[in-house]
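Beneath this line is the structure, given in structure tokens, with notes to follow.
The values are calculated or read from the model by the stated rules, or taken from the named source; none is laboratory data. Keep in mind it's a predicted model, so treat the numbers as computed, not measured. Because the Cβ atoms are built from the backbone with ideal geometry, glycine has one as well, and the counts that use them run over all protein chains shown. Accessible surface areas use protein heavy atoms only, side chains included; no ligands, DNA or RNA. Shrake-Rupley method; radii C 1.70, N 1.55, O 1.52, S 1.80 Å.
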Amino acid sequence: VLKTCAPAPAVIEVLFNSYPQLRVSESWKEVIPEEVFQMHQPFYKSFFALAHTPRCLQHLCRCAIRKLFGKKCFYLIPLLPLPKSLQNYLLLEPEGVLH
């Protein structure tokens, strides 16, 4: 997936954020063409910075909320009395970097 989607980091970001835990490997850098890595350097630096680290509590809370809402999350999250930026975070809107 990383090799195929490397030029579209937003796709990788959404996929990666869909999982509560996914181990990033430094060896994955090899499948990303150098020009793509340079073009999307802020994203890929944040992506590989997550190697060998647990996901943050904020991300784990997002996963728990999305799991609780299940298939209805895209309907229910916009109904929550939350700032739009937090709703976007819960809905996995790409930010361009990973935390």
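A quick yes/no check of all residues on (1) open to solvent by less than 20 Å² (accessible area, probe 1.4 Å); (2) more than 18 Å from residue 91 (Cβ to Cβ); (3) modelled with pLDDT under 90:
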residue: 14; (1), (2), (3): no, no, no
residue: 31; (1), (2), (3): no, yes, no
residue: 42; (1), (2), (3): no, yes, no
residue: 48; (1), (2), (3): yes, yes, no
residue: 52; (1), (2), (3): no, yes, yes
residue: 67; (1), (2), (3): no, no, no
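Condition (residue is open to solvent by less than 100 Å² (accessible area, probe 1.4 Å), of a type in the set (D, E, K, R) and assigned to a helix (DSSP H, G or I)) applied to segment 75-85: is it met by at least one residue? Give the derivation first.
From segment 75-85, those open to solvent by less than 100 Å² (accessible area, probe 1.4 Å) are 76-78, 80, 82-83, 85; that's our starting set.
Imposing the further condition that a residue be of a type in the set (D, E, K, R) reduces the set to none.
No, segment 75-85 contains no residue that is open to solvent by less than 100 Å² (accessible area, probe 1.4 Å), of a type in the set (D, E, K, R) and assigned to a helix (DSSP H, G or I).
If I ask for residues that are part of a helix (DSSP H, G or I) and either open to solvent by 50 Å² or more (accessible area, probe 1.4 Å) or farther than 11 Å from residue 17 by Cβ (or both), which ones from segment 86-99 would you list?
Within segment 86-99, 86, 87, 88 qualify.
Here's a check for you: in segment 16-29, which residue that is open to solvent by 20 Å² or more (accessible area, probe 1.4 Å) and among the hydrophobic types (A, V, I, L, M, F, W, C) is modelled with the lowest pLDDT? Walk me through how you get there before you give the answer.
Within segment 16-29, the subset open to solvent by 20 Å² or more (accessible area, probe 1.4 Å) is 18-23, 25-29.
Keeping just the survivors that are among the hydrophobic types (A, V, I, L, M, F, W, C) gives 22, 28.
Working: 22: 84, 28: 90.
The qualifying residue modelled with the lowest pLDDT is 22.
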